[in-house]
1. For VAL49, what residues show an amide H to amide H distance below 5 Å, using hydrogens built from the backbone and excluding near sequence neighbours?
2. Pop a pseudo-label 7 angstrom from the Cα along the beta-carbon direction at both ARG133 and LEU146 and give the gap in nm to one decimal.
Amino acid sequence: MRLAEQMILSRPQVFLVRQDWVGLVGRTLSAEFTEHRGPFDQCAFEFNVSGAHIIYFEDAARGSMMALHVLRHWSAYPLDFQYRPEDGWDGPGRAFELAWENVRAISFAIKTGMATFELIEAPAALNKQRRARSRPLLSDYHVLRLHGDGRA
């Protein structure tokens, strides 16, 4: 099985990213903080950037990968290097840089206690119906929240 398939099928913890976390924590996020690990060994951060869906996969054992969905097709890009903001981005585009910077900001916010996350479980009744119709089940996901803030 290819690396992309392994990372996707390993059932990572999914985070739906609905805010610009760089903008939220940017004033306190230092350039020295380059960690971009999620709070679990296997995470998938899902973004919508200018109409393109991007999923940033972080796997403690396998490394990082970004997947981009445009025009009904997915493309996966393994990230086998350590990106540093001062180096700039020479990968598939600015959208990936935005996703990486947001994962970095999310990691910082969680690590410093500025943010928490909440598990949203998939509706059991709906998944029961989907199972009966042999349709794929909906997955649980996490929502990020600023500490002491009701926004998601």
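Throughout, read-outs are computed from the coordinates displayed, never taken from laboratory work. Source: prediction; values computed, not measured. Here Cβ is always computed from backbone atoms with ideal geometry, including for glycine, and neighbour counts include all displayed protein chains.
1. Amide H neighbours of VAL49, under 5 Å, 5+ apart: ILE54.
2. For ARG133 paired with LEU146, the spin-label model returns 3.9 nm.
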